[in-house]
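> Below is one structure. I have some questions about it.
All of the numbers you see were taken from the coordinates with simple rules; none came from a lab. Keep in mind that this is a model prediction, so the values were computed, not measured. All Cβ positions, even for glycine, are placed from backbone atoms using ideal geometry, and neighbour counts span all protein chains on display.
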Amino acid sequence: MDDIDLGILDLLQQDAGLSIAQVSERVGLSPTPCWKRIQRLEAAGVIEKRVALLNPEKLGLGITVFVTVETGDHSREWLERFADLVAGMPEVLELYRLAGDVDYMLRVVVPDMQAYDGFYKRLIAGLSLKKVTSRFAMERIKSSTILPIAAPARAPRSVSA
């Protein structure tokens, strides 16, 4: 990946709705080579998908819960069962395996406490868990999907092939 690829990625992660013409102009390429670079980045899995980011509160999903899980079973089979269980729970937006005093952390988004209670009951009924702790977010202060890639700041170049 070169500086132009990084510039393309930086632009697209800020606004995936930009046209090829807009992206190519901003990175100093003509549209066809820019489009080919984007296709290559998608084929390589660097660009996983393009999505619209939605406001959870405006959709009635005002409760975010960070759920930590400790387990006594660290086998591959247990992890596969846990991952399968969580994959079937649309309320879980993220799942991480951690190092430290807890084993897993989930980010869960639900409309209300009753919905969280239903989620919690399904989670603990699914497998044997040593400890489950819920931390409710009071306020979302920062939320971003923009990765801190090193996109160079540069003046636009003349259009090239």
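> Restricting to DSSP H runs of at least four residues, report the calculated mean residue ellipticity at 222 nm for the chain, -39500 (n - 2.57) per run over all residues, nearest 500 deg cm²/dmol.
-11500 deg cm²/dmol
> For the range 3-43, with only Lys/Arg (+1) and Asp/Glu (-1) charged at the beta-carbon, what is the dipole magnitude about the Cα centre, in debye rounded to 20?
For the range 3-43, the charge dipole is close to 160 debye.
> Label residue 107 and residue 3 with points 7 Å out from Cα along Cα→Cβ: what is the distance between them in nm?
According to this spin-label approximation, the distance is 3.2 nm.
> How many angstrom separate the Cα center of the range 1-60 from the Cα center of the range 73-107?
Taking the Cα centre of the range 73-107 as reference, the centre of the range 1-60 is 30 Å away.
> How do 80-86, 127-133 rank on mean C-beta neighbours within 10 Å, highest first?
On the way: 80-86: 14.9, 127-133: 12.7.
Put in order of decreasing packing, that is 80-86, 127-133.
> Could I ask something else about it? Read through the labelled values (1) 29, 20, 18; (2) 40, 19, 13; (3) 37, 19, 15 and report the label of the one computed as semi-axes √(5λ) of the Cα gyration tensor in Å from the structure.
(2)
> Multiply the residue separation of residue 142 and residue 52 by 0.36 nm, subtract the distance between their alpha-carbon atoms, and state the gained length in nm to one decimal.
Numbers: separation 90, 0.36 × 90 = 32.40 nm, distance 1.77 nm.
Length gained between residue 142 and residue 52: 30.6 nm.
> Under a Cβ-Cβ cut-off of 15 Å, what is the net charge of the residues other than residue 90 that fall near it, where Lys and Arg count +1 and Asp and Glu count -1? Walk me through the numbers on the way to the answer.
Values: positive: 107, 122; negative: 84, 91, 94.
Charge balance near residue 90 sits at -1.
> While we're looking at this one, here's another question. For residue 93, enumerate residues with amide H under 5 Å from its amide H, sequence gap 5+ or separate chain, H modeled in the peptide plane.
Those lying under 5 Å, H to H, from residue 93 are 107, 108, 109.
> To continue, here is another question. Loop-only check: which GluC sites (Glu not before Pro) in the range 32-71 are DSSP coil with at most 12 other Cβ within 10 angstrom?
48
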